[in-house]
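Following: one structure in structure tokens, then a few remarks.
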Amino acid sequence: MPDVRTFVLVTDRPDRSAAIVTALREIGICDVVGPEETWRDRQELAGVVSDLTLSRPEADHCLRSLKRHLAGRNLPVICLLRRASQDALRHAKSLGATVCMPAYVPPETVAAALANQVGIIAGGAERAVVQGVARAGEALNGLLAEARAGQPVRMGAVEAGLGPILTAVQEGGLARWLDTVWTHDDATYQHCLLVAGLSAQFALHLGFRHDDQFRFVRAALIHDVGKARIPLEILNKPGRLDAGEMAVMRTHAAIGHAVLLAGGETDAMTLSVVRHHHEMLDGSGYPDGLSGDAIGDMVRLLTICDIYAALTERRPYKKPMPMADAMAILAGMDGKLEARLVQSFGEAMAATG
């Protein structure tokens, strides 16, 4: 008999949470409780979804009680955030949340996130994606930690994570990759994995040879390594950066280039992508103000993926932009981006269904 897991949805709005219950019951047993839950008789619990207004004292007490009674269990706890702010995200994390998601995400995405956390994988396609994200994420986390600590970055682990990215996008599809990556709330981690998946899809659509696919996705995964040395209060600021903060943020491309050089990176394309992925064809980009033919083809491709990822990312404090709107913005950047490549990227995205 298959192992059936029991989940709990804790909510102060059972009527609003009905669709979440339906989605969770596709992956196991789902009990629905209110914020008065004590958790004393929940030792067999596999995971929790909180759909509570965290600013209410009873919600805070409920989740602190959960954290206390099930300490040491490494229990997946997904918090659906109704208030869009970094303070709300930090509050949820302090209450034991392992994943934070906006309250408006589709119920199926919530269920998929919980399934991924507890290792429920429905089939080969899902397995390829979950394993691909895990392998690539592990490699990326190691790279960022080394860069943050001022240590030489080691590319061997990164390269071991590239095959799983391509396999995941080919076998599981880009949509599954994006849905899985969107369950992570660390901004840089999510963004780099999004860009890597988009780049894999773009490279496959363009018919790149395997070696070129590998090199392009490699560069995409590490393109923002310089952000490891940007202060977190700037990196994770939910609102618009002021002029001083933007100046600091814009140093990440040159910093990433220097980090790779110090680590012994010799691939010219990778170095160019990391340094120049914010350059624009009209010379308005940074850090070097390159224009026209001075910007290589791979950089042009990566820049499109990078901008699209930034527009469509999910944050607790920001709704994702629909694909059609994001593509309209890219199309409106004629003169900054190569129109022919933007059109091809749109075709690659449309091919994902």
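The values are calculated or read from the model by the stated rules, or taken from the named source; none is laboratory data. These numbers come from a predicted model, not from an experiment. As a convention, Cβ positions derive from the backbone with ideal geometry for all residues, glycine included, and neighbour counts pool all protein chains shown.
Every condition in (1) farther than 28 Å from Ala112 by Cβ; (2) out of contact with any helix residue (DSSP H, G or I) (no Cβ under 7 Å at 6 or more places or on another chain) holds for Ala175 except the one numbered (1). Picking from residues in region 166-203 that are hydroxyl-bearing (Ser, Thr, Tyr) and part of a helix (DSSP H, G or I), the one that is nearest to the chain's Cα centre (by Cα) is Tyr189.
Which residues, counting only those in region 228-253, are part of a loop (DSSP other than H, G, I, E, B), more than 22 Å from Ser272 (Cα to Cα) and aliphatic (A, V, I, L, M)?
Passing the criteria: only Leu241.
Hey, among the residues in region 30-45 that are modelled with pLDDT under 90 and either surrounded by 13 or more Cβ atoms within 10 Å (Cβ to Cβ) or among the aromatic types (Phe, Trp, Tyr) (or both), which one's farthest from Leu89 (Cα to Cα)?
Across region 30-45, the extreme among qualifying residues is Arg42.
Set side by side, the residues Glu171, Glu146 differ, and just one is within 26 Å of Met349 (Cα to Cα) and either in the same structural domain as His210 (by TED's automatic domain parsing) or buried (at least 23 other Cβ atoms within 10 Å of the Cβ) (or both), which is Glu171. All of (1) under 24 Å from Asp224 (Cα atoms); (2) modelled with pLDDT of 95 or more; (3) among the basic types (Lys, Arg) hold for Lys319 with one exception: (2). The strands (runs of 3 or more DSSP E) falling completely within region 37-124 that include 3 or more residues that are of a type outside the set (A, V, I, L, M) and either under 22 Å from Ala23 (Cα atoms) or in the same structural domain as Glu233 (by TED's automatic domain parsing) (or both) map to 45-51. The residues listed here are Val32, Val10; of these, the one that is without any contact (Cβ under 8 Å) to a residue 40 or more places away in the chain and not in a helix (DSSP H, G or I) is Val32. Among the conditions (1) small (Gly, Ala, Ser); (2) at negative phi; (3) surrounded by 17 or more Cβ atoms within 10 Å (Cβ to Cβ), Gly96 misses just one, which is (2).
In region 131-142, the residues that are farther than 14 Å from His223 by Cα and in contact (Cβ under 8 Å) with a residue 12 or more places away in the chain reach residues that are crowded, with 23+ Cβ neighbours inside 10 Å and not β-branched (Val, Ile, Thr) with C-beta atoms within less than 6 angstrom, at least six apart or across chains, in these pairs: Gly132/Ala168; Arg135/Gly161.
Among the conditions (1) in contact with an Asp or Glu (Cβ under 9 Å, 6 or more places away or on another chain); (2) aliphatic (A, V, I, L, M); (3) surrounded by 15 or more Cβ atoms within 10 Å (Cβ to Cβ), the only one that Leu337 does not satisfy is (1). Taking into account only those residues within region 236-291 that are surrounded by 16 or more Cβ atoms within 10 Å (Cβ to Cβ) and touching a strand residue (DSSP E or B) at 6+ places or on another chain (Cβ under 9 Å), which is nearest to Ala157 (Cα to Cα)? Only one residue fits best here, namely Met280.
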